[in-house]
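Following: one structure in structure tokens, then a few remarks.
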């Protein structure tokens, strides 16, 4: 599932994010959402979240459990 809609993302979801410094390479980081940082209902580049590890980035995909 894509991470461009805020309603698709819940705290505790397993997601792949791209961090700011990895945007050119597209390197993804996997983790669990601890906080949703984007207040808008959708964002074309992905909803910005903070993972439980403290890393911040935009959701590229939501991994089904």
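The values are calculated or read from the model by the stated rules, or taken from the named source; none is laboratory data. Here the structure is a predicted model, which is why all the values come from computation and not from measurement. Cβ placement follows ideal geometry from the backbone for every residue including glycine, while neighbour counts extend to all protein chains displayed.
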- Query: Among 53, 38, which is the only one that is in contact with a helix residue (DSSP H, G or I) (Cβ under 9 Å, 6 or more places away or on another chain) and part of a loop (DSSP other than H, G, I, E, B)?
  - Reply: 38
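Residue 29 - would you say it is at negative phi, modelled with pLDDT of 95 or more, surrounded by 13 or more Cβ atoms within 10 Å (Cβ to Cβ) and not in a strand (DSSP E or B)?
Details: at negative phi: yes; modelled with pLDDT of 95 or more: yes; surrounded by 13 or more Cβ atoms within 10 Å (Cβ to Cβ): yes; not in a strand (DSSP E or B): no.
For residue 29, the condition - at negative phi, modelled with pLDDT of 95 or more, surrounded by 13 or more Cβ atoms within 10 Å (Cβ to Cβ) and not in a strand (DSSP E or B) - is not met.
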- Query: Across region 38-63, which residue is surrounded by the most Cβ atoms within 10 Å (Cβ to Cβ) among those that are over 11 Å from residue 16 (Cα atoms), touching a strand residue (DSSP E or B) at 6+ places or on another chain (Cβ under 9 Å) and touching a residue at least 40 places away in the same chain (Cβ under 8 Å)?
  - Reply: 47
- Query: Of the conditions (1) surrounded by 12 or more Cβ atoms within 10 Å (Cβ to Cβ); (2) assigned to a loop (DSSP other than H, G, I, E, B), residue 12 fails just one. Which one is it?
  - Reply: (1)
